[in-house]
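Visitor: I am attaching a structure below and will ask some questions about it afterwards.
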Number of protein chains: 2
Amino acid sequence: MPKIVNHDKRMNQIAEAMWRVILDKGMEGATVRNIAEEAGLSLGALRHYFKNQDDLLVYAMTLVKERATERIETVAKQDLPPKEMVMAVLFEIVPVNEQSLVEMEVWFAFMAYVKHRRAELNIPDDGIFTGVHKLIAYLASSDLLKEGLDLDLEAERLYAVVDGIAIHALFGADRLQSERVKQTLRYHIDSICVS
Amino acid sequence: MPKIVNHDKRMNQIAEAMWRVILDKGMEGATVRNIAEEAGLSLGALRHYFKNQDDLLVYAMTLVKERATERIETVAKQDLPPKEMVMAVLFEIVPVNEQSLVEMEVWFAFMAYVKHRRAELNIPDDGIFTGVHKLIAYLASSDLLKEGLDLDLEAERLYAVVDGIAIHALFGADRLQSERVKQTLRYHIDSICVS
């Protein structure tokens, strides 16, 4: 079915063009016209794939999430000790390289833009809240957590640490470089694990 | 000098009108025209106080910061035990009531909007990074911190926890209500303090 494959591929190319426009001009510059130009398509051709900006927005957000999920699944297949596995997954969520910084910036711009429009749009959840619960449960079942911790509050706290660091890496990339991001996350996980 | 007082008061009224427009329509709706209408002024009258949207933007952000700083200074004057003082200051930073939720939403919309324009604009720093360092230093000098902690990484981690929770309270107000926000922050501070 080469036609369908090409159709998906073209939709991804358009979504990636939208990311680049957002990175360059911010969300307010991400008009259908600018996105078509960046993708090297006519407005009519773009509308063949996405009937309006909202369709494209939801697709482009979903693609950010899918790319991150793929990377995390690749990490999860590696043969790592439990604590290192948790660290490796966390390093795929927070921005520690060019690719994840781009994804974070695009996601953040999306979130700010759709804040008032969630009810109208079918916005994908970023999956991080569910993810951190799994990581804490995994550490617990591997007998790595210190005694006396509240697992539910540990998940809430890890969720805050992850997104807080991600925001700071995004807005303060000069100060908070990737080594410092990793160091802070490792410090946090070490603080809740037996040594 | 009643004229100057009225001048400042009018500028604050316009900035507050800008906040309301952002809350209602998002940053993309915060045009000078909409803000003038919300403030009950003509475009010409508004331009008497702010020569363009950027001037108004910087002023309105600075006012958010000033209001939060005033509340924190009021808390700091109270006669509280050190750990309760730290908690009370944190509760003024994260959104746990209608007022701080509004401030957070406006600040977040500002930040997303100015992401690509920092070099052009004189954007105020939110002061939280400096603030969390002071809080950790205060706990340390009050002999309340557990032994063996890395104070610099504790400040980095508290900074992440505070802004991560704030973002989650803003985007997931249905799930993360103010009691849960407070509980998570208290859990975190308890975890680094001697009991």
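Visitor: Which longest uninterrupted range of chain A lacks any GluC sites (Glu not before Pro) assigned by DSSP to a loop state (not H, G, I, E or B) and surrounded by at most 10 other Cβ atoms within 10 Å?
Guide: A:1-119
Visitor: A further question follows. When B:THR184, A:THR62 are ordered from fewest to most other Cβ atoms inside 10 Å of their Cβ, what list results?
Guide: Working: B:THR184 26, A:THR62 14.
With the sparsest Cβ surroundings first, the list reads A:THR62, B:THR184.
Visitor: Hey, another quick one. Whole Å is fine, so just give me how far the alpha carbon centre of segment B:81-102 lies from that of segment B:1-74.
Guide: About 25 Å separates the Cα centre of segment B:81-102 from the one of segment B:1-74.
Visitor: How far apart, in nanometres, would the label points at B:ASP150 and A:ASN6 be if each is projected 7 angstrom from Cα along the Cα-to-Cβ direction?
Guide: Taking the simple label geometry, B:ASP150 and A:ASN6 are separated by 5.4 nm.
Visitor: Hey, what does the equivalent ellipsoid look like for the protein assembly as shown, semi-axes from the Cα gyration tensor as sqrt of 5 times each eigenvalue, largest first, whole Å?
Guide: Equivalent ellipsoid semi-axes, largest first: 35, 33, 15 Å.
Visitor: Let me ask you something else. So which of B:LYS65/B:LYS182; A:LYS65/B:LYS65; B:LYS51/B:LYS115; A:LYS9/A:LYS77; B:LYS25/B:LYS65; A:LYS115/B:LYS134 end up more than 24 Å apart, counting from Cα to Cα? Each step should come with its number before you reach the end.
Guide: Working: B:LYS65/B:LYS182 21 Å; A:LYS65/B:LYS65 33 Å; B:LYS51/B:LYS115 22 Å; A:LYS9/A:LYS77 26 Å; B:LYS25/B:LYS65 21 Å; A:LYS115/B:LYS134 32 Å.
From the list (B:LYS65/B:LYS182; A:LYS65/B:LYS65; B:LYS51/B:LYS115; A:LYS9/A:LYS77; B:LYS25/B:LYS65; A:LYS115/B:LYS134), the Cα-Cα distance tops 24 Å for A:LYS65/B:LYS65; A:LYS9/A:LYS77; A:LYS115/B:LYS134.
Visitor: Find every distance from the label point of B:GLU84 to the corresponding label point in the other copies (7 Å from Cα along Cα→Cβ) and write them in nm, one decimal, shortest first.
Guide: Result, one decimal in nm: 4.8.
Visitor: Using 1/(1 + (r/R0)^6) with R0 = 22 angstrom and r between the beta carbons of B:SER142 and B:GLN99, what's the FRET efficiency to the nearest 0.05?
Guide: Given R0 = 22 Å and the Cβ-Cβ separation, E is 0.15.
Visitor: Give me the percent relative contact order of segment A:64-192, please, defined on Cα pairs under 8 angstrom at least 6 residues apart.
Guide: Computed over segment A:64-192, the figure is 33 percent.
Visitor: Let me ask you something else. Shortest first, in nm, what separates the label point of B:HIS7 from those of the same position in the other copies (7 Å along Cα→Cβ)?
Guide: For B:HIS7, the other copies' label points sit at 6.4 nm, shortest first.
Visitor: Would you mind giving the mean number of other chain beta-carbons within 10 Å of the Cβ of each residue in A:35-46, as a whole number?
Guide: 0
Visitor: A further question on this structure: Which Cα, out of A:ALA36, A:VAL94, A:GLY26, lies furthest along the positive dipole direction of segment A:1-118 (beta carbon charges, K/R +1, D/E -1)?
Guide: The residue sitting most towards the positive pole is A:ALA36.
Visitor: Let me ask something else about it. Measuring from a point 7 Å out along Cα→Cβ, what nm distances, shortest first, does B:ASP174 have to its partners in the other copies?
Guide: Nearest first, the other copies' label points are 4.0 nm away.
Visitor: Moving on. Past the 23 angstrom mark, what percentage of all C-alpha to C-alpha distances in segment B:34-179 do you count? The partial results should precede the final answer.
Guide: Details: 4970 of 10585 pairs.
Roughly 47 percent, once rounded to a whole number.
Visitor: Neighbouring Cβ atoms within 10 Å as the yardstick, rank A:ASP55, B:ASP174, B:ASP8 fewest first. Write out the running numbers ahead of the final one.
Guide: Numbers: A:ASP55 14, B:ASP174 6, B:ASP8 10.
Exposure proxy ranking, most exposed first: B:ASP174, B:ASP8, A:ASP55.
Visitor: If you place +1 on the Cβ of every Lys and Arg, -1 on the Cβ of every Asp and Glu, and leave all else neutral, what size is the dipole of the protein assembly as shown about its Cα centre, to the nearest 20 Debye?
Guide: 1080
Visitor: In bins 10 Å wide, starting from 0, what share of all Cα pairs of segment B:1-51 does each bin hold, as a percent?
Guide: Histogramming segment B:1-51 at 10 Å steps yields 28, 52, 17, 3 percent.
Visitor: Work out which trypsin sites (Lys or Arg not before Pro) in chain A are exposed loop sites (DSSP not H, G, I, E or B, at most 13 other Cβ within 10 Å) and give the longest gap free of them.
Guide: Between the exposed loop sites, the longest stretch runs A:1-50.
Visitor: Just the projected area, averaged over all directions, of the convex hull on the alpha carbon atoms of segment B:148-195: how many nm²?
Guide: Values: hull surface 14.0 nm².
Answer in nm², one decimal: 3.5.
Visitor: Using Cα pairs closer than 8 Å and at least 6 residues apart in sequence, work out the relative contact order for segment B:1-51, in percent.
Guide: 31
Visitor: Treating the beta-carbon of each Lys and Arg as +1 and of each Asp and Glu as -1, no other charges, what is the dipole magnitude of segment B:64-192 about its Cα centre, to the nearest 20 debye?
Guide: The dipole magnitude comes to about 240 debye.
Visitor: Residues of B:153-159, mean number of Cβ from any other protein chain within 10 Å of their own Cβ, rounded to a whole number? Display every interim value, and only then the final one.
Guide: Values: counts 8, 3, 1, 11, 10, 2, 8.
Mean shielding count: 6.
Visitor: Okay, moving on. Once you have all Cα-Cα distances for segment A:13-97, histogram them in 5 Å bins from zero and send the whole-percent values.
Guide: In whole percents, the pair-distance histogram is 3, 14, 21, 17, 12, 10, 10, 8, 5, 2, 0.
Visitor: Per-residue ellipticity at 222 nm for chain A, helices alone: DSSP H runs ≥ 4 residues times -39500 (n - 2.57), over residue total, nearest 500 deg cm²/dmol? Mind showing how you got there, number by number?
Guide: On the way: 9 runs with 142 residues, N = 195.
Rounded to the nearest 500, the figure is -24000 deg cm²/dmol.
Visitor: Would you tell me the mean number of C-beta atoms belonging to other protein chains that fall within 10 Å of each C-beta in B:106-116, as a whole number?
Guide: 5
Read the figures in this text as sums done on the coordinates, not as results from a lab. Keep in mind the model is a prediction, meaning the values are calculated, not measured. A quick note on method: Cβ atoms are made from the backbone with ideal geometry, for glycine too, and the neighbour counts reach across all protein chains shown.
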